[in-house]
Amino acid sequence: MSKLLALRRLYEEMIEFLRTRRPDVVVLEGIFFARDARSALSLGESRGVILLACAMTDTDVFEYAPREVKRAVTGRGQADKSQVSRMVASILGLSEPPEEDAADALALALCHALAGSGPLALQCGRYLGPARTFTEILE
């Protein structure tokens, strides 16, 4: 599948998800340093599509730095992925630690839930939206 078709599919699926499930917020992990420029560019393109879908559906977006997420879940901002996964399993009462991507997503959700949705969330995370204009999306 070409990159353009993949981004289009991501956009269409995000729009459908946001319109049918109507989440209160979308929580994203903040930008981190990628190993190479190609990975960073691909991540940025996908992230832009997700932010655009959120803007088009007036969905609020919160962003948390990776260290904030790790600190919220494990108590240490430098925790490794296996520690995060084990703590996510412990907090949620799972019989075994989730796979890495699932653990990351659940840790983001837990971080936001632990921060709350009021002033504390605004202090811990970065409130991004909803964006109303294309310029706001790019900022």
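I'd like to check which helices (runs of 4 or more DSSP H) are fully inside region 1-106 and have at least 2 residues that are of a type in the set (S, T, N, Q).
Result: 37-56, 81-92.
Checked against (1) within 13 Å of the chain's Cα centre (by Cα); (2) surrounded by 13 or more Cβ atoms within 10 Å (Cβ to Cβ), K81 passes all but condition (1).
Would you confirm whether or not region 35-48 contains a residue that is surrounded by fewer than 13 Cβ atoms within 10 Å (Cβ to Cβ), under 18 Å from the mean Cα position of the chain (by Cα) and of a type in the set (G, A, S)?
yes
Throughout, read-outs are computed from the coordinates displayed, never taken from laboratory work. Note that this is a predicted model, so its numbers are computed, not measured. Positions of Cβ are generated from backbone atoms using ideal geometry, with glycine treated the same way; all protein chains shown enter the neighbour counts.
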